[in-house]
Each structure stands twice: as structure tokens, then as C-alpha cells.
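All remarks here apply to the structure that follows.
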Amino acid sequence: ADPCPASFITLLPGLSLLQISGGDAAEFLHNQFTCEVRALEDGGGCPGAWCSPKGRVITTFVLYRLGGEFFLLMPTTLLERVVKRLRMFVLRAEVKITDFTAERTVMGMRGGNHSLTEDGSAFRINRLNKRLHLFLPAANGGRFLIVDDDAALQPVWLELAKTVPPADTRCWNRLDMEAGIPWLNEETTEQFLPQELNLDQIGALSFDKGCYPGQEIVARVHYRGQVKRRLYSGHAETGAAASAGMKLRDNAGKTMGTVVTAVPDITEGVMVLAVIDTASVDAGNIQLEDGSMLHIDPGIAIQ
């Protein structure tokens, strides 16, 4: 039986929110990120990335807009790096960057019949007093996040737990991986082009907007059709050792790709998202560093 129920709640310490506000926030972020920030409607959201000048992805994220405020859902492990680096580019612009989750907790919920759930295929955000609700597309049974301080969130958790069972955080991680969401960390930041993470396939990458860091390199790869590595999902057997940043090799020891995310599956084995040479996937025989075989799931993780 699948230990991840159709509806569940879980805490998500691995995800954080950056709050970016100020009169110049929209223009500032539009000039930094790969997505169409200025076109983002109030209450809407979109996936995106921030790149280095060399076109390598520093972090992936989901960006939400509430009026003149923007909220960046991103991996906690990269938060400090991103805050420090983003602030370097603010200069005299009217932009304020703060860690919204510094004194708040992120809780995730899948499915359920609670009044907070929203049936839709788009990223959405709303605010209830000081609490934020972040909605994800309903592909995985409908998911949303609730962000509030511990004292305010505890009664919400207790009330939801009466009808929606708590579950291991790995259940949420598994849904992220099944959706092909490539969260990065310190081991994988600035290692991949956006297209290698399939960001061009999920609306996270615009080729019509103006310049942003790395834009020239990213555009050149797109228009010359030189994407030779893509993001794939796969799994290894129980006992296999996999971690972000680990190299994948063949029998001869040739490097074939890099693990982006690895999560011990709830049932057995290890689930993996990895950037792999497309030719290597066709040839098969992909191994983790401990010699365990990585079985690639049919098709690219994000279609």
C-alpha cells in the first residue's frame, strides 16, 4: 500500500519565502529573473529561475505576486546566498528584500475537502490577515502551502489533522519530483543551464523579454538547438546511495550526468531527478557512484 495518502498535511522546512517589495520591485525582478515578472497578474504566480552571468541557474523558484509585493518560494538551503547576492543589485532602486519565513513556518497540504483548497491549474496566492496561502497546479491532486507563525499555525494544523492525516515530508518531496520540479541546493547551484532543467517546458523561461543575467547564453542555446542534456526522473533499488551533485557514470567510468535531487522513496529505493546526456539515456547502463543501476522512468520528467 502507498504510505502517502491522497490527502495529507506536512511541515516543509526545506522551503522558504523571500518577500520583495517596494515601488521598483516588479522592474527589478523582471530584469533579474528568467520569467515574465511584469506580466504576472495580481494573485498569480509562475515558475522561474535566477541565473549567473554565465547562464547557469543559481536557484529555481515559484514567484507569486500580491499587489506590489512578490514572494519567492525557494529552497531554504540557498536562501542566504540568494538574499546576499540579490541585494548587491538593488543599488538605488526602491526595493526591499526580506526573509518572510524567518519567524514563520511553511505547511503543505494535498487534497482534502478543506475550504482553503482551490480547484485550478494555475499558481495562485492569497492572504488571510497575516497568513499566506500559496496554491500549486492541481496536477498532483491539488496542493497548497500555508505560511504563518507557529502560534497561529498550530490550531490550523490541529483542526486539519482531524480529517486530513499528517504525513512524512518525503510524500511532498515525491510529488515535487513527479511534477519535475528541480529544486537546487549548495551542491547543484550554478551547475546547469535552464534548458537542462527543462525550465523551458514549464513556462519558467521567456525568450521574448529583455535582458537578464545570462540571457545571451540561454538564448543562444535555445535558438541553435544545442540542448544536449535534459532533466530525467529515475529510481534506484533499496540500499542505493544517491545525493544531489553526485555524478552518474557508465561501466567504463565515463560521466553521463549529475543528480539534481535524490529522495529516499517512502516504499523502497531512491527517487532521483538528474540532468543526463540524452544520448546516454538512449544507450542505458547509467550507474550511481556506488555501482547501483539508475532506472530511467519513461520519457523526460517534464513534458
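Got a sec to turn the phi values of the stretch 157-166 into Karplus ³J(HN,Hα) couplings, 6.51 cos²θ - 1.76 cosθ + 1.60 with θ = phi - 60°, whole Hz, x for Gly and Pro?
So the J values, rounded to whole Hz, are 4, 4, 5, 5, 5, 5, 10, 10, x, x.
Do any trypsin sites (Lys or Arg not before Pro) in the stretch 174-276 lie in a loop, going by DSSP, with at most 16 other beta-carbon atoms within 10 Å of their beta carbon, and if so which?
For trypsin sites (Lys or Arg not before Pro) across the stretch 174-276 that sit outside H, G, I, E and B with at most 16 neighbouring Cβ atoms in 10 Å, the list reads Arg224, Lys228, Lys254.
With an 8 Å Cα cut-off and a minimum separation of 6 or more residues, compute the relative contact order for the chain in percent.
Value for the chain: 20 percent.
For the cross-link pairs Lys54/Lys228; Lys54/Lys209; Lys84/Lys247; Lys54/Lys96; Lys130/Lys209, which exceed 24 Å when the distance is taken from alpha carbon to alpha carbon?
Checking Cα-Cα distances, Lys84/Lys247; Lys54/Lys96; Lys130/Lys209 exceed 24 Å.
Regarding the stretch 193-303, what are the three Cα extents along the principal axes, ordered largest first, in Å?
On the principal axes, the stretch 193-303 reaches 47, 32, 23 Å in Cα extent.
What list of ³J(HN,Hα) values in whole Hz, one per residue of the stretch 22-27 in order, does the Karplus curve 6.51 cos²θ - 1.76 cosθ + 1.60 (θ = phi - 60°) give from phi, with Gly and Pro shown as x?
Using θ = phi - 60°, the values come out as x, x, 9, 4, 4, 5 Hz.
Pull up all non-local amide H partners of Val260: gap of 5 or more, or a different chain, and H-to-H distance under 5 Å with H placed in the peptide plane.
Gly245, Leu273, Ala274, Val275
From the convex hull of the Cα coordinates of the chain, what is the mean projected area in square nanometres?
That works out to 15.9 nm², a quarter of the Cα hull's surface.
Could you give each residue of the stretch 76-89 its phi-based ³J(HN,Hα) in whole Hz, using Karplus coefficients 6.51, -1.76, 1.60 with θ = phi - 60°, and x for Gly or Pro?
Listing the rounded values in order: 4, 5, 9, 4, 4, 4, 5, 4, 4, 6, 4, 5, 5, 9 Hz.
How large is the Rg to Rh ratio of the stretch 92-230 when both quantities use alpha carbon positions and Rh follows Kirkwood?
Rg/Rh: 1.03.
Read-outs: derived from the displayed coordinates by stated rules, not from any lab. Quick caveat, the model's predicted, so the values are computed rather than measured. Methodologically, a virtual Cβ is constructed for each residue, glycine included, from the backbone with ideal geometry; neighbour enumeration extends over all protein chains shown.
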